[in-house]
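Everything below concerns the one structure shown next.
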Amino acid sequence: MIDIFPIDQLDLERKRVIYRVDYNVPMEGTKVSDETRIRETLPTILMMRERGASIVILSHMGRPKGKRTEADSLRPIRAKLEELMNLDIQWADDCIGDEAESKSKALGPGQILFLENLRFHPEEEKNDPTFAGKLQKHGEVYVNDAFGACHRAHASIVALPRLFSTDKRAAGLLLLMELQFLQKVTHVSDRPFVAVMGGAKIAGKIEPLEALVKLADSVVIGGGMSNTFLAAQGRELGDSLVDHDSLEVAKRILASNGPKVILPTDLVVTDSIDKPTRVETISVEKGVAAGLKAVDIGPRTVERFTAAIAGAKVVFWNGPMGVFEQEQFAVGTKKIARAVAHANAMTIVGGGESVEAVNASGFADKISHISTGGGASLEFVAGISLPGIEILQR
Ligand code: ADP
Ligand code: MG
């Protein structure tokens, strides 16, 4: 079991806490489309305020690649947090520099300052110690609840806590709860353990998936992820999302653990995601014609996947089965959500869009644990050590 410094051991009275969260929530324009990740930090925020702390919130959003972009601003998230807490929350346009520093210094007990996107600075993703030193000026104590970012060795996750002594850095309540549940997956002896993978972030997930295949009894793969595997088998995928850089790993997984991998046998294809004029179900054998793309799993695949999930004792799900944001292509994801919810098993769902999809399906309260981390929960369950957790370990 992982032994990590918990927030309870910190002296928070009149301290400024640098609070790293993962508010990288799904958005529709400037509207938050799923607020789970924000809500789940409220217990830690309330606890810190009760204990007399002031709070400086740090988060990332999207992939602005070290440049300031309006689309990745955290302003709408700060507004959402204000609404959820019914409290004024201060704001600074940059996470480092004079404005942010003078505002953080002026905070009184219970007050909260929200800082702009960490990733507007390229140093964040480079784990730059000088940048971490600038962030350190905002507080005397460091608390991490950003489980969804703990698999990244970034400045606010690794270099920053390293600057605090072990009695001044800790995991928040959300991070502690995540670890409690996810450790059950890695430690239970209940079998079979079925992993369900989908989504669109292939490059970042295929390597942990390779580790996970070794641990799981079977791995059901749908969504964008399955396109890459089908392409690795030589199937025609037309204009579907395929990550060509991941084909080699996919081939390796199929060669070493092929019998454990359950792939789609039919797919829903369309000419356009936004304005579909053609929508058909095709067999994988026939392949996806040029000009069309796979956007959901087909009905035969739903049956196959449902049967695999129904027999499981532990289910871990990351990544939607299709472009569920479009009602028309949400069928497979909804049916898999239902299958996971009905399984007589310990069930864990992780990932920004996966959680959004499960919430939309109405089955969220039938899932044992909804994780705020996608890539992070996947790596954890696959037995990979997360740098953001390592730094907080005793
Ligand atoms: P999560 O956020 O749950 O970790 P990802 O970020 O990897 O999952 O992927 C989520 C996205 O995957 C969704 O926005 C969905 O539209 C997309 N997606 C799922 N299936 C496909 C597909 N076949 N083609 C393109 N995109 C897909
Ligand atoms: Mg996502």
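The values are calculated or read from the model by the stated rules, or taken from the named source; none is laboratory data. Everything numeric in this text was worked out from a predicted model, so none of it was measured. Neighbour counts run over all protein chains shown; Cβ positions are idealised from the backbone, glycine included. SASA here: full protein model, heavy atoms, side chains in, ligands and nucleic acids out. Shrake-Rupley method; radii C 1.70, N 1.55, O 1.52, S 1.80 Å.
Listed values, structure above:
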{"item": "Residue-span extension gain [M47 to Q328] - 0.36 nm each, minus C-alpha spacing", "result": "96.9 nm"}
{"item": "Whole-number accessible area per residue in Å² for region 277-333, which is evaluated in the context of all protein chains at 1.4 Å", "result": "44 Å²"}
{"item": "Cross-link reach list, aspartates and glutamates versus K334, counting only Cα pairs under 16 Å and skipping chain neighbours closer than eight places", "result": "D296, E303, E325, E353, E356, D365"}
{"item": "Alpha-carbon centroids, region 1-39 and region 286-322: separation in whole Å", "result": "33 Å"}
{"item": "Distance in nm between pseudo-label sites at A203 and L84 (7 Å out along the Cβ direction from Cα)", "result": "3.0 nm"}
{"item": "Modelled FRET efficiency - R0 56 Å, R278 with D8, Cβ distances, 0.05 increments", "result": "0.45"}
{"item": "Solvent-accessible ranking of S256, S33, S371, largest area first, probe 1.4 Å", "result": "S256, S33, S371"}
{"item": "Two-decimal Rg/Rh across region 1-114, once Rg and the Kirkwood Rh are taken from alpha-carbon atoms", "result": "0.97"}
{"item": "Signed unit charges on C-beta, dipole axis of region 150-207, positive-most listed residue L176, A153, I202", "result": "A153"}
{"item": "Separation of the Q233 and E285 label points, Cα + 7 Å toward Cβ, nm", "result": "1.2 nm"}
{"item": "Förster radius 30 Å - calculated FRET efficiency between K31 and E303, Cβ distance, rounded to 0.05", "result": "0.25"}
{"item": "Computed over the chain: relative contact order in percent, which uses C-alpha pairs under 8 Å that are six or more apart", "result": "17 percent"}
{"item": "Percent carbon-and-sulfur accessible area, region 1-135, ignoring ligands, DNA and RNA, probe 1.4 Å", "result": "46 percent"}
{"item": "Protein accessible area in region 152-239, 1.4 Å probe - carbon and sulfur %", "result": "47 percent"}
{"item": "For region 242-317, projected area of the alpha-carbon convex hull averaged over all directions, nm²", "result": "6.6 nm²"}
{"item": "Separation of the S256 and D190 label points, Cα + 7 Å toward Cβ, nm", "result": "2.8 nm"}
{"item": "Sparse-neighbourhood loop sites, trypsin sites (Lys or Arg not before Pro) in region 1-48 - DSSP loop, at most 13 other Cβ within 10 angstrom", "result": "R14"}
{"item": "Pair-distance profile P(r), taking every C-alpha pair of the chain, with 10 angstrom steps and integer %", "result": "5, 23, 31, 23, 13, 4, 0"}
{"item": "For region 145-271, convex hull volume per residue from C-alpha positions, Å³", "result": "152 Å³"}
{"item": "Cα-Cα over 25 Å, subset of K214/K251; K80/K335; K80/K205; K67/K126; K67/K201; K205/K335", "result": "K80/K335; K80/K205"}
{"item": "Relative contact order computed over region 183-248 (Cα-Cα under 8 Å; 6+ residues apart), in percent", "result": "34 percent"}
{"item": "Calculated FRET value between K366 and K105, using beta carbons and R₀ = 51 Å, to 0.05", "result": "0.60"}
{"item": "Kirkwood Rh and Cα Rg combined as Rg/Rh, region 89-140", "result": "0.97"}
{"item": "Shape box of region 52-173 [Cα atoms, principal axes, largest first, Å]", "result": "37, 35, 29"}
{"item": "Hull-based mean projected area of region 279-363, where the convex hull spans the alpha carbons, in square nanometres", "result": "5.8 nm²"}
{"item": "Alpha-carbon gyration tensor eigenvalues x 5, square-rooted, for region 226-374, Å", "result": "25, 19, 14"}
{"item": "Alpha carbon centroid spacing (whole Å) that separates region 334-362 from region 152-198", "result": "21 Å"}
{"item": "Computed lengthening from Q393 to N344, 0.36 nm per intervening residue step minus Cα-Cα distance", "result": "14.3 nm"}
{"item": "Contact order normalised by residue count of region 305-352, Cα under 8 Å, 6+ apart, percent", "result": "52 percent"}
